[in-house]
Amino acid sequence: MLKNIIIDTDCGTDDALALLYALDSDKFKITGITTVFGNVTAKQAAFNVSYILRLTGKENIPLAIGQEKPINQPLRHSPPSIHGEYGLGTITSTYMSKTLRSITAVEFIIDTISKSKEKITFLSIGPLTNIGLALTLRPEIAENIEEIIIMGGAYLKNGNVTPAAEANIYSDAVAAEKIFSSPCQVTMVGLDVTTKVIMSKKYLETMSSHKKYGAFIKSLTSTFYNFLSENFNINGIFPHDLVAIFYAADKSLFKTINGRVYVNTQGLMLGQTYIDRRKKYIKGTEWDNRKHSKVCTEVNAEKLLDEFRKF
Ligand code: BDR
Ligand code: CA
């Protein structure tokens, strides 16, 4: 089913895989792409998105540059050893799409969601700063949001930045907490599922001969592959953000649980996603008004990788 979707990205390696699939597969109606700091600056992320829009021949899609820093905590970018100096492995992109809008991502998000005749699915694959600010400035847009799908957080797994926190949530914990305490339907596609999907060395070699995108995928993934194999002895890459795109495209590949989620916004546990799974409890605390989110716990990794191989 086609979805009306806005993708918000800090365009690094796995974001690029997610965008390639979303743009090429025709499974979505992409209403716009917005960028945010994270793996790189929001401006560099826009250069990277522009590169992919040109590569996929989808330069009709509006693009807007978003926040360069978190709402209320120190700025953190991913080290260049993970996604490469400019976020796309060994590729340098300085091309900007003609569809770049002169308004900010926050303005674009508010404008697009409030004017849309159909509800919008918001897919966040970077820190949640843009949508966090949009919902703070104009809370009523929540009514026209179908779902906010987040690549971020961890339930039973440790984090990947600190023991407690996954990178996207850690980078702007205040923004993430705004989303989980909002009235929106939120789904967390976190490390519990994204680290179950591994693109092995062999898989990446096969993808490197993809007739349209082989050369791109090869240059894109080599830095991330080297980082994981040298530091963690993993002979493959986790395509985190691609997994979230797959959730948006085909929920049957996933198992979820329901629970209220709280994001820790300070101290050593900054960015921890804490999930309340109790079915029965005594009311009378600040948790009462918090909506239940969906949290992905299982993924059919084999089928997901097969589908991506065929695209
Ligand atoms: C997330 O952090 C970023 O570095 C990746 O692009 C992904 O969105 C994984 O923790
Ligand atoms: Ca990302």
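Each reported figure results from applying straightforward, stated rules to the coordinates on display, with no laboratory input. Computed from a predicted structure; not experimentally measured. Neighbour counts run over all protein chains shown; Cβ positions are idealised from the backbone, glycine included.
Things worth noting here:
- Some residue of segment 5-25 being closer than 19 Å to Leu228 by Cα and surrounded by fewer than 24 Cβ atoms within 10 Å (Cβ to Cβ): no
- Condition check for Thr35 on (1) buried (at least 20 other Cβ atoms within 10 Å of the Cβ); (2) more than 15 Å from ligand 2 (Cβ to nearest atom): one failure, at (2).
- Within segment 1-30, restricting attention to residues that are more than 24 Å from Lys69 (Cα to Cα) and among the hydroxyl-bearing types (Ser, Thr, Tyr), the residue that is nearest to ligand 1 (Cβ to nearest atom) is Tyr21.
- Residue list for segment 143-177, restricted to those being crowded, with 23+ Cβ neighbours inside 10 Å and not aliphatic (A, V, I, L, M): Gly152, Gly153, Glu166, Asn168, Tyr170, Ser171, Asp172
- Looking across segment 111-123, the residues that are under 22 Å from Ala22 (Cβ atoms) and in contact (Cβ under 8 Å) with a residue 12 or more places away in the chain come down to Thr112, Ile113, Ser116, Glu118, Lys119, Ile120, Thr121, Phe122, Leu123.
- Residue check, Phe246 touching a helix residue (DSSP H, G or I) at 6+ places or on another chain (Cβ under 7 Å) and over 16 Å from Ile149 (Cα atoms): no
- So Ile91, is it touching an Asp or Glu at 6+ places or on another chain (Cβ under 9 Å) and β-branched (Val, Ile, Thr): no
- Yes/no for Ile110 being more than 13 Å from ligand 1 (Cβ to nearest atom), closer than 18 Å to Asp15 by Cβ and aliphatic (A, V, I, L, M): no
- Of the strands (runs of 3 or more DSSP E) lying entirely inside segment 161-280, those carrying at least 1 residues that are touching a residue at least 40 places away in the same chain (Cβ under 8 Å) and within 16 Å of the chain's Cα centre (by Cα) are 186-189, 273-276.
- For segment 141-160, the set of residues classified as more than 14 Å from the chain's Cα centre (by Cα) and within 10 Å of ligand 1 (Cβ to nearest atom) consists of Gly159, Asn160, listed by residue number.
- Selection count, segment 59-74, where residues are away from ligand 2 (no atom under 16 Å from the Cβ) and either among the polar types (S, T, N, Q) or assigned to a loop (DSSP other than H, G, I, E, B) (or both): 9
- Residues that are assigned to a helix (DSSP H, G or I) and among the basic types (Lys, Arg) within segment 87-139 comprise just one, Lys115.
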